[in-house]
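Colleague: Structure provided below as C-alpha cells; questions to follow.
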Amino acid sequence: MNAQTPATALVIEHEPSREVTPLTLLSQALSSGADPATLREFMQLQREYKRDQAKAAFDNAIAAAKAEIPVIIKNRVVDFTSTKGRTHYAHEDLAGIARTVDPILSRHGLSYRFRTSAEINQPVTVTCILSHRDGHSEENTLSGGRDESG
C-alpha cells in the first residue's frame, strides 16, 4: 500500500486451503506496505484472536479433565472436644487431592498455583490460579478469618 491508497482498499489474497487468521492478514498487510495504523489494528486483532483461542483451549481442557477426575476419597478425620462441644468430620487433604488431580490436569495442559495474603488484623486470603499451557488462566479467591485458637 502506498501513500495514495487508502487503508480500506487493502487487497487481501486468500488461498482456499489456508485458514485466514489475523496473523495472515497482518503478514499480507506488511508485504503490501500498509500504514502503521492499519498494522496496529491487525496486531490488536491478532492479540484478541490468540486470547479467544486460548480461552477455547482452556474450556476444552477443563471439560476433558472434569470428565476424568474421580470422586476424591476423604483421607483425614478431625475429632476433638472443646468448650463448644465435640467436633467430628472427615475431609480430603490437599496432598491427597493433588495426587488425584495433578496427573489429569497435566495431561490436558492445565496447572494450578496459589497466591496468599495474610495482612495483620485482616482475613487470610487464598487465590487459586488455574492456567492452561496456551496462556488463558482463571482465578478464584476465598477469604476467611484467622484461626487464633492455638
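Colleague: Say the dipole of the stretch 12-150 comes from +1 at the beta carbon of Lys and Arg and -1 at that of Asp and Glu; which of F80, S117, P22 then lies farthest toward its positive end?
Modeller: Farthest along the dipole direction, towards plus: F80.
Colleague: What nm distance separates the two modelled labels at A95 and Q53, each placed 7 Å from Cα along Cα→Cβ?
Modeller: 4.2 nm
Colleague: For V126 paired with V20, estimate the spin-label separation in nm (one decimal), with each label point 7 Å from Cα along the Cα-to-Cβ line.
Modeller: Modelled inter-label distance: 5.0 nm.
Colleague: While we're looking at this one, here's another question. Of the candidates S27, S137, S82, which one comes out as most mobile in a Gaussian network treatment of the chain with C-alpha springs shorter than 10 Å?
Modeller: The residue that fluctuates most here is S82.
Colleague: Could you work out the local net charge near S111, counting Lys and Arg as +1, Asp and Glu as -1, over the other residues with Cβ closer than 11 Å to its Cβ?
Modeller: Taking every other residue near S111 into account, the sum is +1.
Colleague: With charges set only on the Cβ (+1 for Lys and Arg, -1 for Asp and Glu), what does the dipole of the chain come to about its Cα centre, in debye to the nearest 20? Display every interim value, and only then the final one.
Modeller: Details: 17 positive and 19 negative charges, 104 e Å.
Result for the chain is approximately 500 debye, rounded to the nearest 20.
Colleague: Where Lys and Arg each count +1 and Asp and Glu each count -1, what net charge lies around S137 among other residues with Cβ under 12 Å from its Cβ?
Modeller: Around S137, the charge tally is +2.
Colleague: To continue, here is another question. Hydropathy at least 0.5 by Kyte-Doolittle, axial extent at least 18 angstrom from the Cα trace: which helices of the chain, defined as entire DSSP H runs, fit?
Modeller: 94-107
Colleague: Follow-up. Principal axis lengths of the stretch 84-128 from Cα atoms, whole Å, largest first?
Modeller: The Cα atoms of the stretch 84-128 stretch 45, 30, 10 Å along the principal axes, largest first.
Colleague: Follow-up question, since we're still on this one. Among 126-132, 51-57, how do they line up by average Cβ neighbours within 10 Å per residue, starting with the highest?
Modeller: Going from most to least packed, we get 126-132, 51-57.
Colleague: Something else: If Lys and Arg each add +1 and Asp and Glu each add -1, what is the summed charge of the other residues whose beta carbon sits under 15 Å from the beta carbon of Y89?
Modeller: Surrounding charge for Y89 is +1.
Colleague: Sticking with this structure for a sec: Bin all alpha-carbon pair distances of the stretch 68-150 at 10 Å intervals from 0 and give each bin's fraction as a whole percent.
Modeller: 14, 31, 36, 16, 3, 0
Colleague: Once you place label points 7 Å from the Cα toward the Cβ at F80 and K66, how far apart are they in nm?
Modeller: The answer from the label model is 3.6 nm.
Colleague: Which one of K74, K50, K84 has the biggest mean-square fluctuation once the chain is modelled by GNM with Cα springs under 10 Å?
Modeller: K84
Colleague: Could you sort L30, L45, L105 by their accessible area in this structure, using a 1.4 Å probe and putting the largest first?
Modeller: Values: L30 110, L45 75, L105 20 Å².
The residues order as L30, L45, L105, largest area first.
Colleague: Gaussian network model of the chain, Cα springs within a sub-10 Å range: biggest mean-square fluctuation belongs to which of E119, E68, E48?
Modeller: Highest fluctuation of the listed residues: E119.
Colleague: Which lysines does K66 reach when only Cα atoms under 28 Å apart count, and residues fewer than 8 places away in its own chain are ignored?
Modeller: Cα-Cα hits under 28 Å: K50, K55, K74.
The values are calculated or read from the model by the stated rules, or taken from the named source; none is laboratory data. Owing to the predicted nature of the structure, the values given are computational and were not obtained by experimental measurement. Cβ atoms come from the backbone with ideal geometry, glycine included; neighbour counts cover every protein chain shown. For accessibility, only protein heavy atoms count, side chains too; no ligands or nucleic acids. Shrake-Rupley method; radii C 1.70, N 1.55, O 1.52, S 1.80 Å.
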